[in-house]
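Read the structure below first, then the notes.
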Amino acid sequence: MVADTTDAVEGVDELMQRIERDYESLPRQLKSVAAYIEQNRANVMMDRTSDIAARCGVHPSAVVRFAQRFGFSGFSDLQAVFRHAYAGQGVTGTSYQQRIRRLIDAKAGNASPQLGATVAREFIGACRSGLDELEAGIDDAQFDAAVKMLEQADNLYVVGVRRSFPVASYIVYALQHTRKRVHLVSGLGGMYHEQIRGVKKGDVVIAISFAPYGKETQYCLRVAQHHQAKTLVITDSRLSPLARYANAQLYVKEGSAFAFRSLTSTFCLCQALFIALAYRLELNVEESTDNGEYDD
């Protein structure tokens, strides 16, 4: 049974708000547990203490200490909050992982040509699950604030490194169909410093980054903050180090299969952001190009 000190915690959102508020004051090991729980909410109700500890690289006692830090008598009491919120909501990320694990075990040593298609369907299913989670979890107020910020910006700087780079490139491509001045902070030649140094008040920096969070992206956000530019952060967790720099923040958690994380939900979110901006600007995308053609 949940301890008396947690009676005021009515659900997962309230608990996560407490964790977010206290995150910076937590010891390093408890920060790892907090980040795992924030990014795997729907799975926490089924995870074993030892499994979470292994994924966070901590001793199981740290998971118990984390629960006690937030007023629970033990980890099972913390799980009860998530179980109440997520029980009966259908297929979760964990069930996909279990299905994939069973698939691997069943097909071990089997070179059947059908295996490739089966794997593809599992991955597509994981992507679909991620899209469902994105739709359910989108923050209307933050999304509208992001669109308004982009509408009012003088210049738009976009930064995303490694896995996030294709998304950053796409956003730049889409935004160039507006009359905004758009800059891709690509870091070509190692020139992140030079490419971001012109940012100023009235501009917006769009930063895309997921765990383990690019240091280059964090640097660009610090520069933007120093020069009083506004920032839109697209990331995977409210505990992300990028969140502290954000004027508006959008969260997206990708579906994954076989330890490979999709970009499907992130691209969808960015396309939705552009379409919303286009409506705000009353933009006819086809008329914004020189030859009247637009390649999706």
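Table for the structure above
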item: Residue match in the stretch 143-158 (condition: touching a His at 6+ places or on another chain (Cβ under 9 Å) and among the polar types (S, T, N, Q)); result: yes
item: Test: residue in the stretch 188-208 that is within 25 Å of Ile37 (Cβ to Cβ), modelled with pLDDT of 90 or more and touching a helix residue (DSSP H, G or I) at 6+ places or on another chain (Cβ under 9 Å); result: yes
item: Residue match in the stretch 206-215 (condition: aromatic (Phe, Trp, Tyr) and closer than 17 Å to Tyr251 by Cβ); result: yes
item: Count of the stretch 196-220 residues which are surrounded by fewer than 24 Cβ atoms within 10 Å (Cβ to Cβ) and within 28 Å of Ser262 (Cβ to Cβ); result: 8
item: Flag for Ala168 being in contact (Cβ under 8 Å) with a residue 60 or more places away in the chain and among the small types (Gly, Ala, Ser); result: no
item: Tally of residues being within 14 Å of the chain's Cα centre (by Cα) and either hydroxyl-bearing (Ser, Thr, Tyr) or part of a helix (DSSP H, G or I) (or both) across the stretch 150-163; result: 1
item: Candidate set: the stretch 16-68, residues that are under 15 Å from Ser237 (Cβ atoms) and among the aromatic types (Phe, Trp, Tyr); chosen: the one surrounded by the fewest Cβ atoms within 10 Å (Cβ to Cβ); result: Tyr23
item: Count of residues meeting criterion [in contact (Cβ under 8 Å) with a residue 40 or more places away in the chain, more than 18 Å from Thr231 (Cβ to Cβ) and not hydroxyl-bearing (Ser, Thr, Tyr)] in the stretch 171-201; result: 3
item: 1 or more residues closer than 18 Å to Gly137 by Cβ: qualifying helices (runs of 4 or more DSSP H) within the stretch 15-89; result: 28-39, 75-86
item: Residue selected from the stretch 230-249 under the condition among the basic types (Lys, Arg) and touching a residue at least 24 places away in the same chain (Cβ under 8 Å), by the criterion farthest from Leu156 (Cα to Cα); result: Arg238
item: Filtered residue count, the stretch 135-149, keeping only those that are in a helix (DSSP H, G or I) and touching a Phe, Trp or Tyr at 6+ places or on another chain (Cβ under 9 Å); result: 3
item: Among the residues listed as Val172, Val182, the single one being over 24 Å from Glu254 (Cβ atoms), among the aliphatic types (A, V, I, L, M) and surrounded by fewer than 22 Cβ atoms within 10 Å (Cβ to Cβ); result: Val182
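The values are calculated or read from the model by the stated rules, or taken from the named source; none is laboratory data. Everything numeric here is computed off the predicted structure, so don't read it as measured data. Methodologically, a virtual Cβ is constructed for each residue, glycine included, from the backbone with ideal geometry; neighbour enumeration extends over all protein chains shown.
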